[in-house]
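Worksheet for the structure shown next.
Please treat every number below as a calculation from the coordinates, not as lab data. From a predicted model like this one, the values you see are computed outputs, not experimental measurements. We place every Cβ from the backbone using ideal geometry, glycine too, and count neighbours over all the protein chains shown.
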Amino acid sequence: MTAGAGEEDPPSFHVASPERIVRGDVTDVYFLRGRAALESEGENPVVSAEIRAASLPGRLPWGIFAGFDEAVALLHGREVTVEALPEGSVFYPEDPVLTVTGRYLEFGILETALLGVLCQASGIATRASRCVLAADGRPVYSFGARRMHPAISPMIERAAFVGGCAGVSTVTGGELLGLEPTGTMAHATILILGEERAWRAFDETADPHVARVALVDTFRDERFGAIAAAEVLGDRLAAVRLDTPSSRRGDFAAILREVRWELDARGFDRVKIFVSGGLDDETIPQLNAFADAYGVGTWIAGSPVIDFSLDIVEVEGVARSKRGKLSGRKQLWRCPECGSHGVAPRGTPVAMCPTCTSDVATPVRTWVEGGALVRALPPPADVRALALREAVTASGSLG
């Protein structure tokens, strides 16, 4: 249809701009009504509000705190003080992961957006971390951007990376993280060109630094596909990728074992096996004996959110909270020796671990004071390194 033939403005994407988010336009409307009521009464007290989760999805014992950089983007420039765990930290149910103190009207209408950026990113980072632990040292790559709205794919990729993924698949995700995006081949290329022609074309056109990973499950048995790819590309083949549909998998570990055996028997023992499609932290350990790397999509990108809530716990320095919530500001403590952890009233911080009597410390830091950033936000690679260390410690894993 040509313009002027009855066509109105073309459809647009249904997403909010960063400017509207920071302005508070995505807030739940009752916060606007509450602001109007407070202004009419001349009330704008200094409050402290804590963000915490009473429980975690699937009764998980711990999560990975993520999305804090976007939380700072929301809150800096406003007359508030922000204390929080470093992004990438392990947190437990009831831990206040972030506390904001300031006059309520300075930040109240941002509650909806503030929870949104933390709930979703932390959920993704937590599942990514669990997949990485399940892989026991084998790299896990984020392949799930296609399952979510494209406008938030950079956020998804970043959260997966800081949770422990070794790489991301999208161009925008790579740009955000300063990484080269990771990918292999598309089934569409093979469907159009055929397998051997597609493998050769990929080899001839991909940048030299890109690992040659041949997709081998499009038309034939994975064993014969892997052998054919190895014979076509020879020493240039780095790995074969199996993305076998669930309807054809049967015993997937047995299929991988067969592929490994046949490659080794023909002298292609250096060719690795990359596995993707329908993976999660329960299926990955079943494949570790034969898989060298994983691409995980929907299970990470579609993670359930962490059900954080934001609750006022002090008004003008006086402890106050809704019923069902603990009033007064809290202090997190961690024992570096035995791993014990807990929450105490802010006025009575714990100095000694009740389990092993070692000295304890708080991981919480002040990041924003009076609206100004007072501590540099760490780069994503450092956030990821912290998440990997803390997840290993929290899980009791040695890998």
Relative contact order of segment 32-172, pairs being alpha-carbon contacts under 8 Å that are 6 or more residues apart, as % | 26
Would you mind calculating the relative contact order of segment 183-289 from Cα pairs under 8 angstrom and at least 6 residues apart, reporting the percent as a whole number?
-> 25
Rounded to the nearest 0.05, FRET efficiency between residue 248 and residue 197 (Cβ-Cβ, R0 35 Å) equals 0.90
Sorting 209, 76 on the 10 Å Cβ count, fewest up front, what's the list?
-> 209, 76
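Please check the chain for the longest run free of chymotrypsin sites (Phe, Trp or Tyr not before Pro) that are loop-located per DSSP (anything but H, G, I, E, B) and have at most 15 other Cβ atoms within 10 Å.
Longest stretch, sites excluded: 14-218.
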Which FRET efficiency value, to the nearest 0.05, is calculated for residue 220 and residue 179 with the Förster distance at 35 angstrom and r the Cβ-Cβ distance?
-> 0.55
Bridge orientation stat for the chain from DSSP, antiparallel percent rounded to 5, came to 70
Between segment 51-108 and segment 325-391, what's the alpha-carbon centroid distance in Å?
-> 12
Shape call for segment 183-289 from the C-alpha gyration tensor, a ≥ b ≥ c root eigenvalues: rounded (a/c under 1.5), prolate (a/b greater than b/c) or oblate?
-> prolate
Does a label point 7 Å from the Cα of residue 309, set along Cα-to-beta-carbon, have any residues of segment 50-72 with amide nitrogen under 11 Å, and which are they?
-> 52-55
When a/c is below 1.5 the answer is rounded, else prolate if a/b is larger than b/c, else oblate, so apply that to segment 349-399 with a ≥ b ≥ c taken from the square roots of the Cα gyration tensor eigenvalues.
-> oblate
Is the shape of the chain best called rounded, prolate or oblate, per the rule: a/c under 1.5 gives rounded, else a/b larger than b/c gives prolate, else oblate, with a ≥ b ≥ c the square roots of the Cα gyration tensor eigenvalues?
-> oblate
Which of 363, 198, 174, positive extreme of dipole for the chain (C-beta unit charges) | 363
Taking r as the C-beta separation of residue 209 and residue 171 and R0 as 25 Å, the FRET efficiency to the nearest 0.05 is 0.95
Unit charges at the beta carbon, dipole of segment 183-289: most positive-side option, 271, 289, 242 = 271
With contacts defined as alpha carbon pairs under 8 Å and 6 or more residues apart, what's the relative contact order of the chain in percent?
-> 23
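Under a point-charge model restricted to the Cβ atoms of Lys and Arg (+1) and Asp and Glu (-1), what is the dipole moment magnitude of the chain relative to its Cα centre, in debye to the nearest 20?
720
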